[in-house]
Amino acid sequence: MNQRPRNVPRLAAGELELLQMLWREGAVTILEAQKSLGLSIGYTTVQTRLNRLVKKGVAAKSKERPAKYSAAVTREEVRDQDLNLLVERVSEGQITPLVAHLVNRDSVSPDELAELKRLVADAEKRLKSKWRKEL
């Protein structure tokens with residue numbers, strides 16, 4: 001059974017970029033983070049942003065010196081939180097408009113359609129099982 005996901009705070013684009021770097025690189029110092037980002041972002045700016053992620057609970061900071069920062073949430077937790085918010089805001093909690101939009105795009109692949117069919121079949125099985133238990 002799936003565990004209930006943590007409540008991940010909304011992240012700004014720059015925060016998400018840092019978090020993606022942490023997922024990719026693992027635990028990094030501020031200097032390593034600055035180099036990994038490959039941008040002309042100052043050391044203190046990177047430090048400030050990493051500390052904001054720690055304060056929000058989506059990153060962790062080690063006690064060692066120099067301190068290392070790492071992701072404290074998974075990609076899936078962030079993705080699920082953002083998608084749930086999208087469904088609530090755009091289609092009032094209804095998933096059909098979102099799925100209909102996605103499957104009608106020209107870029108949907110046969111593999112993605114097959115995966116969607118599998119997901120629907122799995123959802124139907126879960127619902128049937130739930131109905132049987134309630135009877």
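Before moving on, here are some points about what is shown:
- Residue that is most open to solvent (accessible area, probe 1.4 Å), among those in the stretch 98-112 that are in a helix (DSSP H, G or I) and at pLDDT below 90: 101
- Residue 116 vs. criteria open to solvent by less than 50 Å² (accessible area, probe 1.4 Å) and either in a helix (DSSP H, G or I) or touching a residue at least 60 places away in the same chain (Cβ under 8 Å) (or both): no
- Residue among 100, 33 that is closer than 30 Å to residue 130 by Cβ and among the small types (Gly, Ala, Ser): 100
- Number of positions in the stretch 60-77 that are touching a residue at least 24 places away in the same chain (Cβ under 8 Å) and within 18 Å of residue 33 (Cβ to Cβ): 9
- Tally of residues being open to solvent by less than 80 Å² (accessible area, probe 1.4 Å), farther than 21 Å from residue 81 by Cβ and either part of a helix (DSSP H, G or I) or among the charged types (D, E, K, R) (or both) across the stretch 52-71: 1
- For the stretch 80-94, the count of residues that are on the phi > 0 side of the Ramachandran plot, exposed (fewer than 11 other Cβ atoms within 10 Å of the Cβ) and part of a loop (DSSP other than H, G, I, E, B) is nonzero.
The values are calculated or read from the model by the stated rules, or taken from the named source; none is laboratory data. Since the structure is predicted, the reported quantities are computational estimates derived from the model, not experimental observations. For neighbour counting, all protein chains shown are included, and Cβ atoms are generated from backbone atoms with ideal geometry for every residue, glycine included. In case anyone asks, the SASA skips ligands and DNA or RNA and just uses the protein heavy atoms, side chains included. Shrake-Rupley method; radii C 1.70, N 1.55, O 1.52, S 1.80 Å.
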